[in-house]
Amino acid sequence: MEKLIKVLKSSRVNDYKITVTHSESVELFYVLNKLETNRATDINEVEVTIYVDEGDKRGQSSFSYFPYMSEEEIRNEIDKKIYAAKFALNPFYEIPSKDEEKPSKIPSNLENYSLQEASEIVVKALLNAKQYKEAVFSATEIFITKTDKRIINSKGVDVSSSSYKGFIEFIPSWEKDGEEVETYNNLSFSTLDEKELTRLIDECVLLTKARFEAKKLKLDKPVKVIIEGEDVCNYFEYFVDNTSYGYKYQHMNRFELGDNVQGEDVSGTKLNISLIPNYKGCASSAAFDNDGVILEPIQIVKDGVAVARHGAYRFGYYLGEKKPTGLLPIVKVECGDKSFKEMQKEPYVRCVKFSSFQYEEFSGFFGGEVRLGFYFDGEKEIPVTGFSIAGNLQEVKSKVILSKEEQVHSGYQGFVGPKYLEIKDMTIN
């Protein structure tokens, strides 16, 4: 590392950033409950980003550094990237400077186990899921990973963190009378809870059974729709995107700070949305972003009113922000007052699994094909499939009701918030 920094300091670059990532993992691969591969990895990666100024413009480019590289090889690589950076110039921006604050620790009980021990507990959770003679796990993959990350830059930033992530990918199938249905499922977590994993896996198996039994749904009149699970997260993208520095800078934002983001006449749940760096159990948690900005929670919507912007350091700099927030990894939405049980008191269609939930940010249209849902006619709930829903966020955003029940979802953007959304009078196609 000293050799790399020495060469960078003596080169023609104006600024630089070094990202060092060390990851260790245990990976298990099963076919029909039989362990086929047990693999361990130990990977070191160093990525160097160089910044080059041309007048009032700045360009950047990146390359991978390897310890075996000589000083001459590093200089040659830097010269190539300086040349490349000048072909993609942006208005000048600073990179983050040293912050006296220390990065927060990312909470995880996985640090109490070796990676192998943690993987064995996950296997037990799978085996303890309720056994059904019609159900088989066609394929299962388990990953337990520890990642150490460090970011150093030419402005004095030097931050480090350790994080843990568990990931299970599994395909349960349900077979009966010569017919079979498979579903793809995955679970991400940073808190290891064997009983909770067993419950979630069993829930996925029962949803596979429901998909097997599902009938085509045909309705000729609008009906209340309940969206549940990870697709709830997509609904809030509109509010997160439109409060971002990037949208404001590019004149793409649909509302300004101080605006009622749900409209003037709100009959649904008033929104309270925050962005946070970490949350117990959420594998998306981070102590700092990819620029090395130390992350702090920020509320962006309060009682339906936009109150703050957020986003990447560069766009914050363009807008004149004194302390840009950095890219926060988790959206936290305050739950509503209506329970799922209360939502079930009148006919509805409950959408559980979409083939792909779509949201078109400029028109506001959202929806998609539903692979598995449940229709309640006022007396009984039956599994249904083969239909789609579509709506326009501009028309429904004042009416959407959020559930009391909470969920934690890990993904590229983590989510903590209501498990269910209720939208009345939607058309089923």
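Structure values in brief
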quantity: Selection within the stretch 365-385 - under 12 Å from Ala214 (Cβ atoms), of a type outside the set (Val, Ile, Thr) and open to solvent by less than 30 Å² (accessible area, probe 1.4 Å); calculated: Leu372, Gly373, Phe374, Pro383
quantity: Residues of the stretch 287-307 satisfying the condition of being closer than 26 Å to Phe92 by Cα, in contact with a Ser or Thr (Cβ under 8 Å, 6 or more places away or on another chain) and open to solvent by 20 Å² or more (accessible area, probe 1.4 Å); calculated: Asn290, Glu296
quantity: Breaking point among (1) assigned to a loop (DSSP other than H, G, I, E, B); (2) in contact with a Phe, Trp or Tyr (Cβ under 9 Å, 6 or more places away or on another chain), for Gly246; calculated: (1)
quantity: Every residue from the stretch 102-135 that is in contact with a strand residue (DSSP E or B) (Cβ under 7 Å, 6 or more places away or on another chain), closer than 30 Å to Val293 by Cα and open to solvent by 50 Å² or more (accessible area, probe 1.4 Å); calculated: Glu111
quantity: Selected residue [closer than 30 Å to Glu169 by Cα, in contact with a Ser or Thr (Cβ under 7 Å, 6 or more places away or on another chain) and open to solvent by less than 70 Å² (accessible area, probe 1.4 Å)] from Ser388, Ser410, Ser398; calculated: Ser410
quantity: When residues of the stretch 57-86 are limited to those that are touching a strand residue (DSSP E or B) at 6+ places or on another chain (Cβ under 7 Å) and open to solvent by 40 Å² or more (accessible area, probe 1.4 Å), the one farthest from Gly320 (Cα to Cα); calculated: Glu77
quantity: Residues of the stretch 208-238 classified as assigned to a helix (DSSP H, G or I), modelled with pLDDT under 95 and out of contact with any Asp or Glu (no Cβ under 8 Å at 6 or more places or on another chain), total; calculated: 7
quantity: Residue in the stretch 317-333 that is of a type in the set (A, V, I, L, M) and open to solvent by 20 Å² or more (accessible area, probe 1.4 Å) present; calculated: yes
quantity: Some residue of the stretch 195-202 being among the basic types (Lys, Arg) and either on the phi > 0 side of the Ramachandran plot or open to solvent by less than 30 Å² (accessible area, probe 1.4 Å) (or both); calculated: no
quantity: Enumerated strands (runs of 3 or more DSSP E) restricted to the stretch 354-429, each holding at least 1 residues that are over 28 Å from Phe167 (Cα atoms); calculated: 365-376, 381-385, 387-392, 420-426
quantity: Qualifying residue in the stretch 330-349 (condition: assigned to a strand (DSSP E or B), at pLDDT below 95, among the hydroxyl-bearing types (Ser, Thr, Tyr) and under 27 Å from Val408 (Cβ atoms)); calculated: no
quantity: Failed criterion for Phe362 (all others in (1) buried (at least 21 other Cβ atoms within 10 Å of the Cβ); (2) out of contact with any strand residue (DSSP E or B) (no Cβ under 7 Å at 6 or more places or on another chain) hold); calculated: (1)
quantity: Enumeration of residues in the stretch 85-132 that are of a type in the set (A, V, I, L, M), under 29 Å from Val159 (Cα atoms) and out of contact with any Gly (no Cβ under 9 Å at 6 or more places or on another chain); calculated: Ile106, Leu115
quantity: Any strands (runs of 3 or more DSSP E) falling wholly within the stretch 1-102 and containing at least 3 residues that are in contact (Cβ under 8 Å) with a residue 60 or more places away in the chain and not basic (Lys, Arg); calculated: 15-31
quantity: Output for the stretch 261-277, where each listed residue is of a type in the set (S, T, N, Q) and either part of a strand (DSSP E or B) or in contact with a strand residue (DSSP E or B) (Cβ under 7 Å, 6 or more places away or on another chain) (or both); calculated: Thr269, Asn272, Ser274
quantity: Any chance Ser138 is farther than 24 Å from Phe357 by Cβ, open to solvent by 50 Å² or more (accessible area, probe 1.4 Å), hydroxyl-bearing (Ser, Thr, Tyr) and not in a loop (DSSP other than H, G, I, E, B); calculated: no
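The values are calculated or read from the model by the stated rules, or taken from the named source; none is laboratory data. A quick note: this is a predicted structure, and the numbers were derived from the prediction, not measured. Glycine also receives a Cβ, built like all others from the backbone with ideal geometry; neighbour counts cover every protein chain displayed. Just so you know, the surface numbers come from the protein's heavy atoms only, side chains and all, with ligands and any DNA or RNA stripped out. Shrake-Rupley method; radii C 1.70, N 1.55, O 1.52, S 1.80 Å.
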